[in-house]
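Only one structure is covered here, and it is reproduced in the block below.
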Amino acid sequence: MRIILHVWRQKNASEPGRMVRYEVNNVNPHMSFLEMLDVLNEELVQQGEDPIAFDHDCREGICGMCGFMINGRAHGPEPGTTVCQLHMRHFRDGDELWLEPFRARAFPLIRDLVVNRSAFDRLIAAGGYISVNAGSAPDANAIPVPKQAAEKAMDAAACIGCGACVAQCPNASAALFLGAKISHLGLLPQGQPERYQRVLKMVSQAALEGFGHCTNAGECEAVCPKRIKLEVIARMNRDYLVAAVKHLGVKEAVEAGVG
Amino acid sequence: MSAAIITKVDERIAFYEVPAGKKAIVAVTGLVLIGYVVAHMLGNLQIFLGRERINAYAELLHSSGPLLWAARLVLLVAVGLHIVFTVQLWLAKRRARPVRYLKKVDVPSAYAARTMILSGPLIAAFVIFHVLHLTTGQAGLPFEPLNVYDNVVRGFRIWYVSLAYMVAVSLVGVHVWHGLWSMLHTLGLDDERYRPTLERISHAVGLLTALGYLSIPVAVLTGLIGGGVN
Ligand code: HEM
Ligand code: SF4
Ligand code: FES
């Protein structure tokens, strides 16, 4: 296969970037998209040019490191697929593809297709955890979890934090990511003590980081490689509103060191 | 970019300063407006029951004095808050993506969802004209106080008045098409299981509202109502 690429090249945040055209010949349809870029990069290195920088780690769709826009779609055209798991057989010989980095104020560009997603780490640090006393692991099923809650929590826990939802959102909102974390933890018994503080802190942090707001457009859901459902956003909104109304109680609880 | 991490609940940002809080205000005020838009449409349809009926309805509303003003006040506050917060959110969203994409697919996303910021202000502009036309009579169009029937018929016989009205109520339909469901989602009333139903209800309310309002200028232009008015 022959693939024509237009790739966003930018040395660093302060220098201007531009689209550069490349032709990749002899693309094997069984290659993943990233392997195709590896091949191109080898050629570039041999020609003495800088290889294209892109993020990746596991290359099996579980770590959340990879991700960029292919023809205006985060992670490319295949639903429920990270770009590392996207195979070239989904494209046609001679296809022309435009690769751009995820764009959001909260995801500043580092180089080429690599952006800094530390804002997600700060969202987690603000409240996306459960405080426990470290010790020996609890017995399985020591805390009963209703089946429905367990399933929904597992679905939400599938989020790998790739940032595609932010990238695709017309408003660069982090609502799907936040909703996934808040649902994952808020549905389980272990997540209850901090449930309302968590949502207040994470939602506030997202505003500080400069993410946009959710207009319920649903683009995030369509590109999420883990098929996180829009309903997690409704759950977050619900918890946020309850928390905002009950804030006084929560504040007192925090001051008293409860939860 | 580095941002301080919120570690205590009292460091959190005020309700009306975070997007979710602003959106909740937009949602509640939007619901008030939808309630009004639907009630107003049903009230207006009485024009099909004849001149006496609709004029008596107008008389009834006007004779309710303080109640009428209370309702107007609620609507005015709702519109005001709705506009202030949607415009704030829209400005914030533009800041949230300073570098645009060269190529961007708007994946499944509803046309209606992306054009709320266009349908909204156009509706607002129309409402001002509409009040001047049929409430205060200052739009330079035929007007007799409390003679709603004749005012409507004479107004809508002017093609561009009808056209403006029809465009505006279609936009209201588009706005509600996405708005009703969106508002429920914003307030947290959504779940994978009943989302298709909620979306369908939202689309139906938007469509029926627009059709209800559209029926009036269409009836005037085709001569179905207003035969005796000159
Ligand atoms: C007939 C009058 C109106 C009705 C019934 C109405 C209703 C609604 C509803 C229910 C929503 C959904 C709220 C949510 O997503 O939670 C909404 C959103 C919105 N409305 Fe209105 N609205 C009206 C007039 C206006 C006006 C005059 C503007 C002018 C600025 C406006 C601008 C918007 C915008 C921009 C949104 C999207 C908010 C967002 O998600 O960012 N609306 N409207
Ligand atoms: S919600 Fe989906 S798109 Fe967003 S970060 Fe998680 S896995 Fe990626
Ligand atoms: S490289 Fe790990 S998810 Fe793609």
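The values are calculated or read from the model by the stated rules, or taken from the named source; none is laboratory data. Only a predicted model underlies this, so the values are computations on that prediction, with no experimental measurement involved. When we count neighbours, we look across all protein chains shown, and the Cβ atoms used for this are built from the backbone with ideal geometry, even at glycine. Surface accessibility is based on the protein's heavy atoms, side chains included, excluding ligands, DNA and RNA. Shrake-Rupley method; radii C 1.70, N 1.55, O 1.52, S 1.80 Å.
Obtain the radius of gyration and the Kirkwood radius of the protein assembly as shown from its C-alpha atoms and give Rg over Rh. Don't skip to the end; give the middle numbers.
Numbers: Rg = 27.1 Å, Rh = 25.5 Å.
The Rg/Rh ratio comes out at 1.06.
Over the stretch A:3-110, with every protein chain in place, what whole percent of the accessible area is carbon and sulfur at 1.4 Å, could you tell me?
Working: 2190 of 4950 Å².
Of the solvent-accessible surface of the stretch A:3-110, carbon and sulfur hold 44 percent.
To the nearest 10 square angstrom, how much accessible area does B:Glu52 have with a 1.4 angstrom probe?
My reading of the accessible area for B:Glu52 is about 140 Å².
Per the 1.4 Å probe, what fraction of the accessible area of the stretch A:118-256, in percent, lies on carbon and sulfur atoms?
Values: 3080 of 5470 Å².
Of all accessible area on the stretch A:118-256, carbon and sulfur atoms account for 56 percent.
Taking loop as defined by DSSP and a crowding limit of 13 other beta carbons within 10 Å, which chymotrypsin sites (Phe, Trp or Tyr not before Pro) in the stretch B:101-148 fit?
Values: sites: B:Tyr101, B:Tyr111, B:Phe126, B:Phe129, B:Phe143; in loops: B:Tyr101, B:Phe143.
Those that pass, being in a loop and sparsely packed, number zero.
Please work out the average accessible area per residue across the stretch B:132-230, using the 1.4 Å probe convention, and give it in Å². Can you show the working numbers first?
Values: 4650 Å² over 99 residues.
Ligands and nucleic acids excluded, the result is 47 Å² per residue.
Take the Cα of A:Glu35, step 7 Å along the line toward its Cβ, and report every residue of the stretch A:69-110 whose backbone nitrogen sits under 13 Å from that point.
It comes to A:84-90, nothing else.
Ranked from the most accessible area to the least, with a 1.4 Å probe and all protein chains present, what is the order of A:Arg89, B:Arg72, B:Arg200?
The residues order as B:Arg200, A:Arg89, B:Arg72, largest area first.
Can you give me the solvent accessible area of A:Tyr129 with a 1.4 Å probe, rounded to the nearest 10 Å²?
Counting only protein heavy atoms, the figure is 80 Å².
At what distance in angstrom do the alpha carbon centres of the stretch A:178-240 and the stretch B:188-230 lie from each other?
34 Å
Under DSSP H, which helices of chain B have Cα atoms covering 27 Å or more of the helix axis and a Kyte-Doolittle average no less than -1.0?
Numbers: long enough: B:19-44 (36 Å, 1.18); B:65-96 (46 Å, 1.21); B:159-186 (39 Å, 1.04); B:195-221 (39 Å, 0.96).
Helix filter hits for chain B: B:19-44, B:65-96, B:159-186, B:195-221.
When ligands, DNA and RNA are left out and all protein chains stay put, how many square angstrom of accessible area per residue does the stretch B:1-40 have with a 1.4 Å probe? Let's see the in-between values first.
Numbers: 1930 Å² over 40 residues.
Normalised by residue count, the accessible surface of the stretch B:1-40 is 48 Å².
When Cβ neighbours within 10 Å are restricted to other protein chains, what is their mean count per residue of peptide A:120-127? Walk me through the intermediate numbers first.
On the way: counts 0, 1, 6, 3, 1, 3, 7, 5.
Mean shielding by partner chains, rounded to a whole number: 3.
On each of the three principal axes of the Cα atoms of the stretch B:15-221, give max minus min coordinate, whole Å, ordered largest first.
55, 37, 36
So how much slack lies between B:Ala3 and B:Val127, counting 0.36 nm per residue of separation and subtracting their Cα-Cα distance, in nm? Write out the running numbers ahead of the final one.
On the way: separation 124, 0.36 × 124 = 44.64 nm, distance 4.26 nm.
Fully extending the segment from B:Ala3 to B:Val127 adds 40.4 nm.
Taking 50 Å² as the minimum loss, tell me which residues in the stretch A:183-216 lose that much accessible area going from the chain by itself to the full protein complex (1.4 Å probe).
Those residues are A:Lys201, A:Ser204, A:Leu208, A:His213, A:Asn216.
Report the residue, chosen from A:Ala156, A:Ala243, A:Ala180, that carries the largest GNM mean-square fluctuation when chain A is represented by alpha-carbon nodes joined by springs under 10 Å.
Sorting by GNM fluctuation, first place goes to A:Ala243.
For chain A, with a Gaussian network of springs between Cα atoms less than 10 Å apart, report the residue from A:Lys147, A:Lys11, A:Lys226 with the top mean-square fluctuation.
Evaluated over chain A, the most mobile residue of the options is A:Lys147.
Taking the simple approach of a point 7 Å from Cα along Cα-to-Cβ for both A:Ala125 and A:Met154, what is their distance in nm?
For the pair A:Ala125/A:Met154, the computed spacing is 3.3 nm.
Working out 0.36 nm times the residue gap between B:Leu45 and B:Trp159, then minus their Cα-Cα distance, what length gain in nm do you get to one decimal? Could you put the intermediate results ahead of the total?
Numbers: separation 114, 0.36 × 114 = 41.04 nm, distance 2.02 nm.
Contour length minus Cα-Cα distance gives 39.0 nm.
Tell me, what % of the accessible area of the stretch B:29-158 is carbon and sulfur with a 1.4 angstrom probe? Show your work: numbers first, answer last.
Details: 5310 of 7500 Å².
Carbon and sulfur: 71 percent of the exposed surface of the stretch B:29-158.
What does the charge dipole of the stretch B:1-136 about its Cα centre add up to, to the nearest 20 debye, if the Cβ of each Lys and Arg holds +1 and the Cβ of each Asp and Glu holds -1?
On the way: 15 positive and 6 negative charges, 155 e Å.
The calculation lands at about 740 debye.
Rounded to whole Å, give me the distance from the Cα center of the stretch B:66-92 to that of the stretch B:135-162.
26 Å
With r as the distance between the Cβ atoms of A:Ala137 and A:Arg2 and R0 = 56 Å, compute the FRET efficiency 1/(1 + (r/R0)^6) and round to 0.05. Walk me through the numbers before you get to the answer.
Values: r = 53 Å, r/R0 = 0.95.
Result of the calculation: an efficiency of 0.60.
How big is the A/B interface in buried accessible area, both sides summed, 1.4 Å probe, to the nearest 100 Å²? Working shown, then result.
On the way: alone 13300 and 14790 Å², together 23240 Å².
That pair of chains buries around 4800 Å² in total.
Taking chain B as a Gaussian network, where each spring joins two C-alpha atoms under 10 Å apart, which residue of B:His178, B:His130, B:His40 fluctuates the most?
Among B:His178, B:His130, B:His40, the largest GNM mean-square fluctuation belongs to B:His40.
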